[in-house]
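Reading through the C-alpha cells given below for one structure.
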Amino acid sequence: MNSSAKKAVVLLSGGLDSATVLAIARQQGYSCHALSFDYGQRHSAELQASHRLAQAMEAAEHKILRLDLGSIGGSALTDKAIAVPEQQADGIPVTYVPARNTVFLSLALGWAEVLGARDIFIGINAVDYSGYPDCRPEFIQAFETLANLATKAGVEGGQFHIQAPLINMSKAEIIRTGAELGVDYALTISCYQADAQGRACGKCDSCRLRAQGFAQAGVADPTCYRNP
C-alpha cells in the first residue's frame, strides 16, 4: 500500500460484512488501518478471523482494542447466561449489544484523529440485518454530526465522514460485491456462537442471514459448519 495514500480507519470484526467493507476501502485507494475489538464476546474465533483478513487484505495496520462490555451484560453475545436464539423472533433480539456501534465508532474516531484520517468505514447494513437500532442510516448521520462537533480536528475544519457503503445493500448484493473484489469469505466468521475451531452453528440469526445471502447471490458458501 502506498504510504502517501489517504488514510481510513476500517472497523473489522472478522465477519462477512466488515471484510467486504475493507475490500471496498482498499479499492477506493485508502491506506486502511483496521480496528477490531475484544469486547467480551462469546468466542475469540472472530478476532482470529480479523487478524487473517487484515493480513490477507494488506491492511496498513491492525489494532485489537480490549474492552469489557461483558461487565455490563445485557446481551447474549457477552453474557453466557443468556442463550443465543436459534429461531427468528420479532423485535430487537437479545444478541443486540447495548451501544456497541456507538462505542466502537467513538474509539475509531479517536484513532482517526490521531492518524490524520478523515474517513471511518463500518460494515453496518439496514436491509438484511437483525433489527439493531445502531445499524440504521439515521444513526450514521447522527454520529457523523457528533464526530465533527466533538473533536479538535472537526472544530478546526477537518471534516470526518462515516462511510457505510453496505447500508442499503442486501446480503446477496454484499457477497457479490465482495466476490468481485476478491474477498476470500472462507477467512470470515459470522456465527454468534462459533466453536473454538471457528465452526459455525448454522442456526443463529447471523448464520441464517449469511447462508441465505450466499444462496441468493449464487456464490458457493465456504462456511465451515459444526454439523454440515
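The values are calculated or read from the model by the stated rules, or taken from the named source; none is laboratory data. Predicted, not measured: the structure shown is a model, and the values here were computed from it. Because the Cβ atoms are built from the backbone with ideal geometry, glycine has one as well, and the counts that use them run over all protein chains shown. All accessible areas refer to the heavy atoms of the entire protein, side chains included, with ligands and DNA or RNA removed. Shrake-Rupley method; radii C 1.70, N 1.55, O 1.52, S 1.80 Å.
A few notes on this one:
- Reported label for calculated percent of Cα pairs over 29 Å apart given (i) 28; (ii) 22; (iii) 31: (ii)
- Overall, the stretch 127-215 carries a charge dipole of about 280 debye about its Cα centre when +1 sits on the Cβ of Lys and Arg and -1 on the Cβ of Asp and Glu, all other atoms neutral.
- Segments 131-137, 94-100 sorted - mean Cβ within 10 Å per residue, highest first: 94-100, 131-137
- Counting only DSSP H runs of at least 4 residues, each contributing -39500 (n - 2.57), and dividing by the residue count of the chain, the helix-based mean residue ellipticity at 222 nm comes to -10500 deg cm²/dmol.
- Hits among lysines - C-alpha to C-alpha of Lys6 under 27 Å, sequence gap 8 or more where chains match: Lys63, Lys152
- Taking the centroid of alpha carbons for each part, the stretch 146-172 and the stretch 22-62 are 19 Å apart.
- Farthest toward the positive end of the dipole of the chain, out of Ala211, Thr223, Ala5, is the Cα of Thr223, where the dipole comes from beta carbon charges about the Cα centre.
- What you get for the chain, charging only the Cβ of Lys and Arg (+1) and of Asp and Glu (-1), is a dipole of about 280 debye around the Cα centre.
- Estimated dipole of the stretch 1-130 in Debye, rounded to 20 [Cβ of Lys and Arg +1, of Asp and Glu -1, Cα centre]: 360 debye
- 3J(HN,Hα) along the stretch 157-166, derived from phi through the Karplus expression 6.51 cos²θ - 1.76 cosθ + 1.60 where θ = phi - 60°, amounts to x, x, 6, 8, 10, 8, 9, 10, x, 9 Hz, with x in place of Gly and Pro.
- Label-reachable residues, the stretch 135-178, where backbone N falls under 13 Å from a point 7 Å from Ala89's Cα toward its Cβ: none
- Nearest-ten-degree value, helix 16-27 long axis tilted from longest Cα axis of the chain: 30 degrees
- Loop trypsin sites (Lys or Arg not before Pro), the stretch 138-180, which have at most 15 other Cβ atoms in a 10 Å radius of their Cβ (DSSP): none
- Scattering profile of the stretch 178-228 at q = 0.29 Å⁻¹ [log10 I(q)/I(0), Debye over alpha-carbon scatterers]: -1.22
- With each label modelled as a point 7 angstrom along the Cα→C-beta vector, the Gln48-Gln197 pair spans 1.1 nm.
- Dipole of the chain, positive direction: furthest Cα of Ile189, Ile175, Phe160, with charges on the beta-carbon: Ile189
- For the stretch 108-158, the share of accessible area belonging to carbon and sulfur comes to 58 percent (1.4 Å probe, ligands and nucleic acids excluded).
- Overall shape of the stretch 3-92 was characterised from the C-alpha gyration tensor. The equivalent ellipsoid obtained from it has semi-axes of 29, 15, 11 Å, in decreasing order.
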